[in-house]
Amino acid sequence: MKLPFPAHLQSDGPHNPFPGLKALERRLGREIPHRLGSNEGLDMPHEVLTQHFGEAFASHIRSYGDAEAYELRQRISQQLDLAIENTLVDAGADSLLALALRGLVAIGESVVCSAGTYPTFAYFAQGQGCRLIEVPYFKNENGLAPNLTALAEVAHQQKARLVYLANPDNPSGHQHSDADVLALRQSLPEDCWLLLDEAYHDFREDPASSNPIDGVLRVRSFSKAQGLAGLRVGYAIGSVELLSQLMKVRIHYALSSVSLAAAALLLDHPQEVTAHIEAVKHRRRQLTHLLQSKGFNVLPSYTNFVAVVMPNGEAASNLQNRLLEQDILVTRPAHADMNHLLRITALEDALEALSSCKGLENRVAR
Ligand SMILES: Cc1ncc(COP(=O)(O)O)c(C=O)c1O
C-alpha cells in the first residue's frame with residue numbers, strides 16, 4: 001500500500017537541526033562527558049528542587065531528553081515484540097494525534113471521525129484547517145458504537161485523507177475486534193490513512209494486537225494504565241516509512257528527560273501496571289453493577305470508565321449538577337450527539353462517592 005504524504009513533505013527533509021547528545025553518543029559508541037554545546041543550565045545547583053523531588057529528579061532535569069527516545073522505544077518494542085523502527089514516542093497520545101495530522105494531512109483536506117468521539121481529534125483537525133466530517137454512531141438498544149461501515153463510506157464519498165477511530169472508544173467505551181479494524185482498513189480508500197487511537201487498549205478483555213498495519217498509525221498512551229498523565233508520554237506503532245515521515249515534523253524535545261526516564265523505569269517493573277489494570281477492570285465491573293442496581297442504563301466498557309445513558313441531554317445535565325452539588329465531578333460530553341451520556345472514571349473513589357451520595361436513585365434514566 002502506497003499512501004501519499006502532503007506535497008511539501010514528499011522530498012527529503014526537513015531534518016531535525018538538533019538530533020542531540022544522546023544520538024551522537026550512540027553513533028560514536030561512547031559517552032561525551034564535556035557537554036559544552038547545548039546551552040543547557042548544567043551548572044544550576046537546583047537545591048530547592050533536589051530537596052523537594054530528590055537527587056534522581058534533579059540529575060535528569062538539567063539536560064534535554066533524548067529526541068529519539070531510544071531507550072524507551074527499545075523497551076516498548078521488546079515488550080511488544082516489534083522492531084524499534086516501528087515505534088515512535090511523543091508527549092502523550094494527544095501529541096501523536098496532532099503529529100499525525102501535521103505529517104499526513106494538508107490544509108483543506110478532509111478527515112473523518114465519529115460524531116462525538118474523543119473531541120481532541122476534531123479540535124486539532126479544525127485548528128489545522130482540515131475539513132472535518134463527522135459520522136453518526138451506530139445505535140441500538142444494547143449500546144452505542146462507532147459505525148465502521150459508515151466511516152468507510154463517508155471516507156470514499158468525501159475523498160478523505162484520514163479517518164480517526166478510537167478503539168476502545170471514548171465516550172462509548174465500545175471495543176471493535178482486531179478483525180473489524182482490519183476490515184475497516186481494507187474498506188477505506190487506498191490513499192486514506194487510518195489513525196487508530198488505542199489510548200485504552202490496556203483495558204480490553206482480549207489481548208490487543210500491536211502489529212504494525214500498513215496504512216494505519218496506532219497511538220497509545222501512558223496516561224491511563226500507567227498512570228503518568230502528568231508526565232505526558234505516549235507512543236505510536238506504524239510502518240518505518242510512516243514513522244520516519246512523522247519524525248520530520250515532530251517537536252523534537254516535547255518529551256521531558258524526566259518523563260522518558262520514568263516511563264522506562266515503569267516498563268522495567270511491569271508488575272505494578274499489570275496489577276493496576278486488573279484492579280481497574282474489577283472496579284469497572286463493580287461500578288457498572290452499582291449503577292445498574294440504582295436503575296441506570298450503563299454501556300459495556302472496555303476502558304477505565306463507564307458511560308451511563310440518560311434519556312436526553314437535559315436529564316444528563318440535571319444528574320451531573322446534582323452530583324456536583326455534592327462535590328462529585330463526572331463528565332458529560334459537550335457534543336450534541338453524546339451529551340445524554342455521563343462518563344465516570346472507575347476509581348475506588350467512584351464506588352465510595354456514588355454509594356453514599358444522595359439522590360442517585362434513578363428516576364428518569366430509562
Ligand atoms: C481516546 C483518547 N485518546 C487520547 C487521550 C489523551 O491521552 P494522553 O494523555 O496520552 O494525551 C485520551 C484521554 O482521555 C483519550 O480518551
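For segment 159-291, what class follows from the C-alpha gyration tensor (a ≥ b ≥ c being the square roots of its eigenvalues): rounded when a/c is under 1.5, otherwise prolate if a/b is larger than b/c, else oblate? Taking the square roots of the gyration eigenvalues as a ≥ b ≥ c, segment 159-291 is oblate.
Peptide packing: for 225-233, 273-281, the average count of neighbouring Cβ atoms within 10 Å per residue gives the ranking 225-233, 273-281, highest mean first. From its DSSP helices (H runs of at least four residues, each -39,500 (n - 2.57)), the chain gives a residue-normalised ellipticity at 222 nm of -11500 deg cm²/dmol. Assign one of three labels to the chain, namely rounded, prolate or oblate, based on the Cα gyration tensor with a ≥ b ≥ c the square roots of its eigenvalues; rounded applies when a/c is under 1.5, prolate when it is not and a/b is larger than b/c, and oblate otherwise. Because a/c hits 1.5 or more and a/b fails to exceed b/c, the chain counts as oblate.
With a cut-off of 13 Å between beta carbons, the residues surrounding Glu190 carry a summed charge of +2, where Lys and Arg count +1 and Asp and Glu -1.
In terms of the mean number of neighbouring beta-carbon atoms within 10 Å, the peptides 174-180, 349-355 order highest first as 174-180, 349-355. Over all other residues within a Cβ to Cβ distance under 15 Å of Val181, the charged ones net out to -3, with Lys and Arg as +1 and Asp and Glu as -1. Here the 3J(HN,Hα) profile of segment 229-240, calculated from phi with Karplus coefficients 6.51, -1.76 and 1.60 at θ = phi - 60°, is 3, x, 8, 6, 10, x, 9, 10, 10, x, 5, 4 Hz, Gly and Pro shown as x. Among 83-94, 128-139, the peptide with the highest mean count of other Cβ atoms within 10 Å heads the list, and the full ranking is 83-94, 128-139. Subtracting the Cα-Cα distance of Arg62 and Glu190 from 0.36 nm times their residue separation leaves 41.5 nm of extension gain. Below 11 angstrom from the Cβ of Leu88, what's the summed charge of the other residues (Lys, Arg +1; Asp, Glu -1)? Spelling it out: positives minus negatives among the neighbours equals +1.
Here, each number is a calculation from the coordinates, and none is a lab measurement. Note that the structure is a prediction, hence the values are computed from the model and not measured. All Cβ positions, even for glycine, are placed from backbone atoms using ideal geometry, and neighbour counts span all protein chains on display.
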